[in-house]
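The values are calculated or read from the model by the stated rules, or taken from the named source; none is laboratory data. The structure presented is a predicted model; accordingly, all values stated were derived computationally and were not measured. Reconstructed Cβ throughout: ideal geometry from the backbone, glycine too, with neighbour counts over all protein chains shown. Ligands, DNA and RNA are excluded from the accessible area calculation, which covers all protein heavy atoms including side chains. Shrake-Rupley method; radii C 1.70, N 1.55, O 1.52, S 1.80 Å.
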Amino acid sequence: MKLSINLASRRYVNRRIVSFVSLFLFLFLGGSLVFQGNGYLKDYRLAQTYHAHLDELKTQLHGQQPERINPQEVAARRQSYDQAQQLLQRDAFRWTGLFDRMEGLLPEGVSLLSFNPDYTESSLHINGLAKKLKSLQDLLNNLEAEGFDPVYLNSQGQTEVDDGRGGKRTALTFSIGLGRVF
């Protein structure tokens, strides 16, 4: 067997595979270029939005507000704020707890007619009726023992009340001032 080698001949190149690999590389690089371009455009739009917000915040920071508030409007808003704060303070107090405490402190023969709170001084004025002076004294002692400080008997008087049988009977009216309630 005789082998002949021709060194002057060209090597065989499989052009199909080369064109297929070239096409694959071209499509891959083109797709990655499109993907990178799309990401760049999204980032560019986001950066523009951030710059617009940043410019808006800078103008607000430098005091370029559309209009200034006049002093009368500030005073009116302050007054409405104070009123709202007083209403919230009044609403924050739990009346049911106070009523439960008072119910436990009432001796036999005493009934309370009204509660008049004074939120500015944190005090409470109570009006009521007592059958006997001893019952009224017991109520005052119970209030002092419960920790209401100070307890003042503001007024005391007599009145005629219905006894429930169609007759009248004499009872004591009183007004008590309590401090440090709220």
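Some points to look at:
- Beta carbons closer than 8 Å, at least 6 apart along the sequence or on distinct chains, never pair a first residue in segment 27-50 that is exposed (fewer than 10 other Cβ atoms within 10 Å of the Cβ) with a second that is of a type outside the set (G, A, S).
- Looking only at segment 77-99, and only at residues there that are charged (D, E, K, R), open to solvent by 100 Å² or more (accessible area, probe 1.4 Å) and in a helix (DSSP H, G or I), the one that is farthest from G147 (Cα to Cα): R77
- Screening the candidates L129, L139 for the property of being of a type outside the set (F, W, Y), at pLDDT 90 or above and surrounded by fewer than 18 Cβ atoms within 10 Å (Cβ to Cβ) yields one hit, L129.
- Contacts under 6 angstrom Cβ, first residue in segment 150-178 being under 15 Å from L112 (Cβ atoms), partner of a type in the set (D, E) and not in a strand (DSSP E or B), 6 or more apart: V151/E144
- Qualifying positions in segment 109-126 - touching a residue at least 12 places away in the same chain (Cβ under 8 Å) and open to solvent by 90 Å² or more (accessible area, probe 1.4 Å): L113, E121
- Total residues in segment 142-152, condition over 15 Å from P107 (Cβ atoms) and surrounded by fewer than 16 Cβ atoms within 10 Å (Cβ to Cβ): 4
- Selection of first residues in segment 85-107 that are within 25 Å of N141 (Cβ to Cβ) and of second residues that are open to solvent by less than 70 Å² (accessible area, probe 1.4 Å) and assigned to a helix (DSSP H, G or I), restricted to Cβ pairs under 6 Å at least 6 apart or on distinct chains, gives the following pairs, ordered by first then second residue: L105/N142; P107/S135; P107/D138; P107/L139.
- Scanning segment 154-182 for residues that are open to solvent by 70 Å² or more (accessible area, probe 1.4 Å) and either acidic (D, E) or in contact with a Gly (Cβ under 9 Å, 6 or more places away or on another chain) (or both) gives N154, E160, D162, R180.
- Of all residues in segment 100-139, those satisfying the criterion of being of a type in the set (S, T, N, Q) and part of a helix (DSSP H, G or I) are S135, Q137.
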